[in-house]
Amino acid sequence: MSEHPRRPYMVGNWKMHKTRAETRDFVAELAPRVADHAAYVDVAVCPAFVSLAAALDAARGTAVRVHAQTMGRAPQGAHTGEVSAPMLVDVGVHGVVLGHSERRRDDGETDRLLAEKVPAALEAGLEPILCVGETEEERDAGEMERRLRHQVQEGLELVPTERLAEVVVAYEPVWAIGTGRVATPEQAQEALGFVRALVGDRSRAGAERIRVLYGGSVKPDNAAEILAGPDVDGALVGGASLEVADFAALVAAAAR
Ligand code: PEP
């Protein structure tokens with residue numbers, strides 16, 4: 001496993017769930033359960049902003065990383081309600097999910113905006129996880145590749161070539177998020193291979209090292225077959241990351 005250029009990565013996106021106390025208890029319970037796998041797998045949870053400090057407290061000295069679910073584009077300024085990348089770094093956050101389909105849908109996040117947010121995160125010292133993925137209508141219309149090309153190329157456009165490998169891309173078909181409809185292992189591998197090839201248009205070395213995750217109804221009983229794809233470097237997990245036992249089982253599956 002040590003010769004592999006990419007460490008598996010399991011990331012739990014909690015969305016708008018868990019109080020501070022629930023966050024603390026979860027991380028305190030998760031950390032010892034995944035400690036043995038930490039040599040092989042990177043593990044992160046993404047709590048709501050108000051629970052980041054609780055997660056960071058509980059994660060201190062463990063292998064569990066703490067990420068935010070979004071961030072503002074500017075480093076500071078007159079942007080009421082926003083939290084900036086330098087602010088997240090200041091509290092000890094490791095990374096940030098950017099362009100989740102729920103934010104694209106509910107908050108109007110565009111590829112143009114993400115083109116600015118991804119390098120802003122990197123510059124501040126955060127690991128960006130750029131989410132991409134087609135809707136069911138786009139897939140049915142044969143538009144998946146066109147959509148992914150646009151999202152990946154624009155999202156990474158302002159990232160310096162030598163820093164491409166520091167970004168993580170999560171392919172999350174919108175029709176599979178929170179629906180229980182998981183992509184087949186073949187569909188996941190095909191899309192992730194395509195995403196990697198798009199990065200390869202910029203940099204062959206970057207494409208070999210960038211981590212590409214699958215997201216969309218990943219559960220303990222379907223993880224192994226999805227993770228078996230050669231381009232699948234891990235998963236971004238929503239629902240199944242809310243229970244310690246399920247998320248620990250997913251981390252164990254990624255370690256195999
Ligand atoms: C997500 O929200 O990123 C996600 C993949 O959710 P779920 O695992 O619940 O489909």
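The values are calculated or read from the model by the stated rules, or taken from the named source; none is laboratory data. Please read these numbers as outputs of a predicted model, since none were measured by experiment. Cβ: placed from backbone, ideal geometry, glycine included. Neighbour counts: every protein chain shown. Remember, those area values only see protein heavy atoms, side chains included, never the ligands or the DNA or RNA. Shrake-Rupley method; radii C 1.70, N 1.55, O 1.52, S 1.80 Å.
Taking the solvent-accessible surface of protein heavy atoms with a 1.4 Å probe, what is the per residue accessible area of the chain in Å²?
45 Å²
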**Study point:** Charge dipole (debye, nearest 20) of region 9-255; +1 at Cβ of Lys and Arg, -1 at Cβ of Asp and Glu
**Key:** 460 debye
Review point. Taking the simple approach of a point 7 Å from Cα along Cα-to-Cβ for both THR19 and GLU123, what is their distance in nm?
Key: 4.0 nm
Practice item. Hand me the trypsin sites (Lys or Arg not before Pro) from region 35-89 located in a DSSP loop with no more than 15 other Cβ atoms within 10 Å, in residue order please. Key: ARG60
Review point. How long is the gain from GLU208 to THR179 if the chain were fully straight, where each residue apart is worth 0.36 nm and the alpha carbon distance is subtracted?
Key: 7.3 nm
Point to revise | Other-chain or far-sequence residues with amide H under 5 Å of ARG65's (modelled H) | key: VAL43, ALA44, VAL45
Review point. Can you give the helix-only mean residue ellipticity at 222 nm for the chain, where every DSSP H stretch with n ≥ 4 adds -39500 (n - 2.57) and the sum goes over all residues, rounded to the nearest 500 deg cm²/dmol?
Key: -12500 deg cm²/dmol
Exercise for review: Quantify, in whole percent, the carbon and sulfur part of the accessible surface of the chain (1.4 Å probe; protein heavy atoms only).
Suggested key: 49 percent
Review point. Using the Cα gyration tensor of region 148-220, with a ≥ b ≥ c the square roots of its eigenvalues, what is the shape: rounded (a/c below 1.5), prolate (a/b larger than b/c) or oblate (neither)?
Key: prolate
Exercise for review: Provide the FRET efficiency to the nearest 0.05 for the GLN76-GLU162 pair, computing r from the beta carbons and using R0 = 25 Å.
Suggested key: 0.40
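Let me check against my output: what whole-number percent is the relative contact order of region 200-247, with C-alpha pairs under 8 Å and at least 6 apart?
RCO, region 200-247: 37 percent.
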Review point. Sorting LEU56, LEU213 by accessible area (1.4 Å probe), largest first, what list results?
Key: LEU56, LEU213
